[in-house]
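Scroll down for the structure; my scribbles are underneath it.
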Amino acid sequence: MTNQITVLGFPRIGEKRELKIALESYWKGEISLNELNSIAAGLRLKHWNLQRGAGIEAVAVNDFSLYDNMLDLMVTLGAEPERFSDIKDPTCRYFTMARGDETHIAMEMTKWFNTNYHYLVPELHGGFRFGAINPHKILEEYREAQLHGFEGIIHLIGPITFLSLSKCSEDVRSALFDPLLDQYTVLLEALQPLGAEIVFHEPSLVCDPTPNDLSLLKIAYDQLGTMGRLWVATYFEHSNEATAVLVHTPIHGLYLDFVYGEKNIQSLEVLGKSNKHVAIGIINGRNVWKNDLQSSLKQLNEITNHIPKERLYLSTSCSLLHVPYNLKHENRFNAEVQELLAFAEEKLLELSVLSKAFFSNSGITVNTHPKAAIDGAVQQRLKSLTPNDFKRLTSFSKRQIMQQEYFTLPLLPTTTIGSFPQTANIRKLRQEFKKGWISQTEYTHAMKEAIAHCVDFQESIDLDVLVHGEFERNDMVEYFGEQLNGFAFSTNGWVQSYGSRCVKPPLLYGDVSRPKAMTVTWSTYAQSLTTRPMKGMLTGPVTILNWSFVRDDQPRSLTAYQIALAIRDEVDDLQRAGIKMIQVDEAAFKEGYPLRREHRGLYEQWALQSFLLSTAVAEDDTQIHTHMCYSEFTDIIETIEAMDADVISIETSRSGNRLLRIFADVGYTQEVGPGVYDIHSPRVPSVEEMEQQIHTLLEVLPTNQLWINPDCGLKTRNWEETEAALANMVKATKAVRATA
Ligand code: GLN
Ligand code: ZN
């Protein structure tokens, strides 16, 4: 690096999601591989130019991917799963690993640390043999940059992170370390003629590394560090344990996250005594707000107490992959919101301004940092909360009796998680309404028809607890965000989620309040059609928070409480309107857990309090349900219990009753719907199979504690599958009841 600014990667999906469009056309056979590759090359060139425009001389190379960097790395390292080896064409094999086909199940995807980006999980096993390394992609991209006159810096996921994110047992992991390191060594040999600097991304090192992890780290970088000018990058948290090791390896420098890893200041004390270079991650790569340049400058100046400027670089905290592209195409924001924002392109400019101010004391006049929108009434309400607002005053055992009297449900009550199939027709309807092509009256009428049909169907198969079907919702967070103050929505603020898929997270920019009821009309209409209980359906505060870009001028806990108050008011409005069963979904409760154990207690505390604040307004005979889209509760079961929901539905259908056992083990008393079939597959399980599944669940929990439901919402399924599966589910339940 010649100039002292650098980035850890740039969003590759494109300003107008060009890569998404190209990929999807390629998959449909509408464009050729050559055309796809030339669009990709065009994007790389454009992104390099933007980096150069900001004064970055060594641009990021190999941060680009047609699908996923982890998948690229598997190809590079000769670590493709054998089960795809029958596909001879490399491109076809690459996309089949990612997406599957009739004869190959796609590789598993999972979230990249605590982001919403999904990588493909390497499949290793005992006796796994790496194939030949394949440096082709990296060499090509580097030469391509050179050809355009750029100096490049190669980005690569490092061995420690690669291994720790692979799907395999601990034994296999340690057995494969040496062979893996050999692969990296051969790779570096192949790259050596380029004379390029290489940044190894090792974010796993921020996740409480064990002594064993650290000794492998030392071995790895003692060996690799001599093979060129190497950097090791960590992000999303501090990596002080790793720094203490890396400082004694021959690497050239480290990238440290000073946005999410404030404690990295301790690393600097160690590094100060060495000759290592340090790239300071100062521009937030995870959020959309403008940098407070004044305070960044102050922070940087403090850093120079430890490391002289000559050895410092300014960087983004992580790859800019996690933020939208630029602000140019935004037309939905009011001036107040617009003023707060910086997307990827704007962040490059911030880096440039900051570096001028820092390195050449150019004395930039930094404007005062814009402030989030404050609402006095919301602030006041938060201040006046008392401990009683955070708990239901009657114990569950007493509530349970009152609720039984109120609802008179049969044993093993049957229900669903909320959404019913989102057909093309329903989506079209919502879009036409949004665009103003159909009137409110027409829209309401059509929605009511969809609800009525859904209610009719549920009655016809004899489900016990009904739902309205969520047809009015595009997304479980956006739907609420759009009706709350304090949220804004972008026009083009897409962020890659995986492959060609992007999400457009809401921007939570100010104090949150609820101008009016959000779901009461739909729920009461649905209730009016039936005498069976109609379950109200809300998204919980923690999930709304975890799936948005959240203001960073106050602790997340306070923002969560503000959302909780809005949801609380909705719960109250629903129960007053006669909706006495209310589900508050917390799909993202678990994924919000901090990467470091030391912060988990605090998170659990406020996440729990937020849920309680939103639900504790329920009367004793109002039954609060919650739903969570995962199955592993072992490490969080006490928090789940403390959420004090009367009924929780979860996603354990694929594990039989194994993962349910923890509920029995801790003596969990509230009711549980573990999910009797997997909605992520189009397969319709037979009555016998579900009967069997219910019996399996009954081995763990007693009849009066179990609910029978699918394991998640049905919005991604079609009606045919849904009708068949739910009808079988009810039949299976009746058969079990008859023998109970
Ligand atoms: N109620 C939502 C639905 O059924 C829950 C979805 C979720 O938790 N992911 O779609
Ligand atoms: Zn779910």
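Assorted remarks:
- The single condition among (1) of a type in the set (G, A, S); (2) under 32 Å from the mean Cα position of the chain (by Cα); (3) closer than 28 Å to P710 by Cβ that A373 does not satisfy is (3).
- Matching entry among G540, G536, G510 (being within 29 Å of V647 (Cα to Cα), open to solvent by less than 10 Å² (accessible area, probe 1.4 Å) and away from ligand 2 (no atom under 16 Å from the Cβ)): G536
- Test: residue in region 629-636 that is away from ligand 2 (no atom under 16 Å from the Cβ), in contact with a strand residue (DSSP E or B) (Cβ under 9 Å, 6 or more places away or on another chain), more than 19 Å from C712 (Cα to Cα) and open to solvent by 10 Å² or more (accessible area, probe 1.4 Å): no
- Condition met for E459 (open to solvent by 30 Å² or more (accessible area, probe 1.4 Å), touching a strand residue (DSSP E or B) at 6+ places or on another chain (Cβ under 9 Å) and either away from ligand 2 (no atom under 16 Å from the Cβ) or of a type outside the set (D, E) (or both)): yes
- Applying a threshold of 9 Å to beta carbon distances and a minimum spacing of six or more residues, or different chains, the list of pairs starting in region 429-446 at a residue that is within 19 Å of H468 (Cα to Cα) and ending at one that is at pLDDT below 95 reads R430/N474.
Each row is one residue, and each column tells you yes or no for (1) among the hydroxyl-bearing types (S, T, Y); (2) touching a residue at least 12 places away in the same chain (Cβ under 8 Å); (3) open to solvent by less than 10 Å² (accessible area, probe 1.4 Å).
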{"residue": "V245", "(1), (2), (3)": "no, yes, no"}
{"residue": "T249", "(1), (2), (3)": "yes, yes, yes"}
{"residue": "K263", "(1), (2), (3)": "no, yes, no"}
{"residue": "L268", "(1), (2), (3)": "no, yes, yes"}
{"residue": "Q294", "(1), (2), (3)": "no, yes, no"}
{"residue": "Q299", "(1), (2), (3)": "no, yes, no"}
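- When restricted to residues that are closer than 30 Å to T441 by Cβ, of a type outside the set (D, E, K, R) and over 19 Å from the mean Cα position of the chain (by Cα), region 489-525 contains 12.
- Out of F480, F487, one residue alone is in contact with a Leu (Cβ under 7 Å, 6 or more places away or on another chain), open to solvent by less than 60 Å² (accessible area, probe 1.4 Å) and touching a residue at least 60 places away in the same chain (Cβ under 8 Å). It is F487.
- Residue match in region 33-45 (condition: assigned to a loop (DSSP other than H, G, I, E, B) and more than 19 Å from G285 (Cβ to Cβ)): no
- Counted residues, region 552-564 - those being open to solvent by 10 Å² or more (accessible area, probe 1.4 Å) and either within 15 Å of S513 (Cα to Cα) or within 16 Å of ligand 1 (Cβ to nearest atom) (or both): 2
- Condition broken by E570, with the remaining ones in (1) within 15 Å of ligand 1 (Cβ to nearest atom); (2) closer than 20 Å to V672 by Cβ satisfied: (2)
- For region 438-485, taking the residues that are part of a helix (DSSP H, G or I) and small (G, A, S), the one that is farthest from Q527 (Cα to Cα) is identified as G481.
- Among the residues here, A724 does not qualify as within 22 Å of V465 (Cα to Cα), at pLDDT 95 or above, crowded, with 23+ Cβ neighbours inside 10 Å and small (G, A, S).
- V684 being more than 27 Å from K715 (Cα to Cα) and in contact with a helix residue (DSSP H, G or I) (Cβ under 6 Å, 6 or more places away or on another chain): no
- Test: L327 is farther than 20 Å from L8 by Cα and buried (at least 22 other Cβ atoms within 10 Å of the Cβ): no
- Screening region 94-165 for strands (runs of 3 or more DSSP E) wholly inside it with 3 or more residues that are open to solvent by less than 50 Å² (accessible area, probe 1.4 Å) and not hydroxyl-bearing (S, T, Y) returns the ranges 151-157.
- You will find that of Q403, Q379, the residue that is surrounded by 15 or more Cβ atoms within 10 Å (Cβ to Cβ), in contact with a strand residue (DSSP E or B) (Cβ under 9 Å, 6 or more places away or on another chain), of a type outside the set (F, W, Y) and in contact (Cβ under 8 Å) with a residue 12 or more places away in the chain is Q403 and no other.
- In the set E57, E80, E35, only one residue is within 23 Å of L230 (Cα to Cα) and either of a type in the set (D, E, K, R) or under 20 Å from the mean Cα position of the chain (by Cα) (or both); that residue is E57.
- Scanning region 572-596 for residues that are outside any helix (DSSP H, G or I) and within 16 Å of ligand 2 (Cβ to nearest atom) returns Q583, V584, D585, E586, A587, A588, F589.
For every residue, the table says whether it meets (1) more than 14 Å from N728 (Cα to Cα); (2) part of a helix (DSSP H, G or I); (3) open to solvent by 10 Å² or more (accessible area, probe 1.4 Å).
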| residue | (1), (2), (3) |
| --- | --- |
| R654 | yes, yes, yes |
| A664 | yes, yes, yes |
| V672 | yes, no, no |
| H680 | yes, no, yes |
| V684 | no, no, yes |
| I694 | no, yes, no |
| V700 | yes, no, yes |
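- Cβ-Cβ contacts under 8 Å between residues 6 or more apart (or on different chains), taken from a first residue in region 704-715 that is in a loop (DSSP other than H, G, I, E, B) to a second residue that is of a type outside the set (A, V, I, L, M, F, W, C) and more than 16 Å from ligand 1 (Cβ to nearest atom), are listed as W707/P413; W707/E671.
- Leading residue by the ranking (nearest to ligand 1 (Cβ to nearest atom)) among those in region 622-635 that are touching a residue at least 40 places away in the same chain (Cβ under 8 Å) and touching a Phe, Trp or Tyr at 6+ places or on another chain (Cβ under 8 Å): M628
The values are calculated or read from the model by the stated rules, or taken from the named source; none is laboratory data. These numbers were taken from a predicted model, which means no experiment stands behind them. No Cβ is skipped: glycine too gets one built from the backbone with ideal geometry, and neighbour counts run over all protein chains shown. Please note that ligands, DNA and RNA were not included when accessible areas were found on the heavy atoms of the full protein model with its side chains. Shrake-Rupley method; radii C 1.70, N 1.55, O 1.52, S 1.80 Å.
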